[in-house]
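To start, the structure itself, in structure tokens.
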Amino acid sequence: MEKHKLATRVGQISPFQVMEVLARAKQLQLQGEDVIHLEVGEPDFVAVEAVANAGMEAIQQGKTGYTSATGLPELKRAISDDYLSRYQVTVSPGRIIVTPGASGALLLMASLMVDSGEEVVMPDPCYPCNRHFLIQAGAKAKLIETKPEEDFEMDLSTLADHWGENTTGLWLASPSNPTGAVLSKSYISEAWEKVSALGGHLLVDEIYQGLVYEGEDFSALSIADDIFVINSFSKYFAMTGWRLGWLVVPEWAIEGATKLAQNLFIAAPSVSQYAAVRAFSPDVLAECEVRRQTLNARRLVLLEGLEAIGLPVVAPAHGAFYIYVDVSSVTQDAMAWCLALLEQEKVALTPGADFGIKDAHKYVRFAYTCDEARLQEALARIARFMAS
Ligand SMILES: Cc1ncc(COP(=O)(O)O)c(C=O)c1O
């Protein structure tokens, strides 16, 4: 047998191209360069103080052991109450499986719903790890082209054409990474109707829920109890490193999901769970709302600025904290463009190839995770780069 042989599926998983950008950005910073980071998909905020304090108290009180596999009962209750108060939807705590980040929820979802050899439909571009979680389950993603002039929405009238013998589900995200697109309630309802008629499952990744600037901020759970939904404390609550998310499953999948959660994770991080119980208090939500407004102001600065420097944005990016920008008027190789921009002007962006296949080489993703002054500076540098 070949020595040092890795599992075949490892070869099917592509590394993030942005890592190359990130590594070079770090090198430049070490050399004293002033790099503007617009490549990283995490908020530049930290957990709200009251939440962090609740985490510290949990440590001081020794609440650091395993919790039950599907999460602390008081956290599941708090999430359930929040669905009712902010989104007017009843979700029993028993349907909520608390996981190590939305990543844990995606892994759980792939393990729960997809058999080896099956495939799941999703829009191109989308969050890249989705495909990798499927590969991990021996399955694969079938990416369907979307267009900026259609706000990167997959054309649902063609869903049945893409649905093959081994297709078992449709995975969507709203707001979306990398496009910032927000799907409407009627779109998700139609998706659910079509997927049900085809006998498949629907997953909606709502990890950027709350970060909606235009359009309706709702949960797909208000449409049907049989829709699977993913969420996380990483983005709206700015708790990326706390590694806490959740998966909402239909009643009939609770037992299976619980069994898998026990085996895959034992439990999500306990300190994070105690902290997160505090996240739904009115004072914390009020602070998150202020942050949302800050993000929206940045979004508008960026949209206007990009237009002004000759990179108009066709799809209006109504949510999350990303804008997916077509740079094909200046390059046919977005990765090379990102690296040259970093070298010359010290602005770091994520190349589209990390998110999609079709036309990905024409796109870059901006994350507006730095303040308005830095965004203006980044725009000025990009304009100078384009003129050089
Ligand atoms: C759409 C989407 N889903 C899931 C995740 C995973 O997030 P986490 O594991 O931090 O909750 C991310 C992270 O950026 C994301 O953008």
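The values are calculated or read from the model by the stated rules, or taken from the named source; none is laboratory data. Everything quoted here is computed from the prediction, not taken from an experiment. Every residue, glycine among them, receives a Cβ derived from its backbone with ideal geometry; neighbour counts consider all protein chains shown. Ligands, DNA and RNA are stripped out before the accessible areas are found, and what is left, the full protein with its side chains, is counted by its heavy atoms. Shrake-Rupley method; radii C 1.70, N 1.55, O 1.52, S 1.80 Å.
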Query raised in the report: Between Asp34 and Ala160, how many nm apart are label points set 7 Å from Cα along the C-beta direction?
Result: 5.9 nm
Query raised in the report: How much of the accessible area of the chain, probe 1.4 Å, is carbon plus sulfur, in whole percent?
Result: 52 percent
Query raised in the report: For Lys235, which lysines qualify as cross-link partners when the Cα separation must be under 19 Å and same-chain residues fewer than eight apart are set aside?
Result: Lys76
Query raised in the report: How large are Rg and Dmax for the range 54-281 when only the alpha carbon atoms are used, in Å?
Result: 17.1, 57
Report summary line: Rounded to the nearest 0.05, FRET efficiency between Lys140 and Ala340 (Cβ-Cβ, R0 41 Å) equals 0.75
Report summary line: Note: Ala52 to Ala380 extended length (0.36 nm per residue) minus current alpha-carbon separation gives 114.4 nm
Report summary line: Given backbone amide H placed at 1.01 Å from N, residues whose amide H is under 5 Å from that of Ile144, ignoring those fewer than 5 places away on the same chain, are Met122, Asp124
Query raised in the report: In square angstrom, what is the accessible area per residue of the range 97-210 with a 1.4 angstrom probe?
Result: 33 Å²
Report task. Rank these residues by their accessible area, most exposed first, probe 1.4 Å: Thr294, Thr179. Result -> Thr294, Thr179
Report summary line: The distance between the Cα centres of the range 133-210 and the range 34-111, in whole Å, is 24 Å
Report summary line: Hits in the range 79-105: amide N under 20 Å from the 7 Å Cα→Cβ extension of Ser196, namely 88-92, 95
**Report entry** Chain lengthening between Gln61 and Ala387 when straightened (0.36 nm per residue, less Cα-Cα)
**Finding:** 111.5 nm
Report summary line: Percent relative contact order for the range 54-281, counting Cα pairs under 8 Å at least six residues apart, stands at 31 percent
**Report entry** Longest segment of the chain lacking GluC sites (Glu not before Pro) that sit in a DSSP loop with at most 15 other Cβ atoms within 10 Å
**Finding:** 217-388
Query raised in the report: What is the Cα radius of gyration of the chain over 2.2 N^0.38 Å, N being its residue count?
Result: 0.98
Query - Computed over the range 158-280: relative contact order in percent, which uses C-alpha pairs under 8 Å that are six or more apart - result: 19 percent
Report task. Using R₀ = 51 Å, calculate the FRET efficiency as 1/(1 + (r/R₀)^6) where r is the Cβ-Cβ separation of Asp82 and Ala308; round to 0.05. Result -> 0.85
Report summary line: In nanometres, the difference between 0.36 nm per residue of separation and the alpha-carbon distance of Gln27 and Ser68 is 10.5 nm
Report summary line: Measure of exposure for Thr64: accessible area at 1.4 Å probe, Å² rounded to 10, is 80 Å²
Report task. With a length cut of 27 Å (Cα positions projected on each helix's long axis) and a Kyte-Doolittle mean of at least -1.0, go through the chain and give me the DSSP H helices that pass. Result -> 282-308
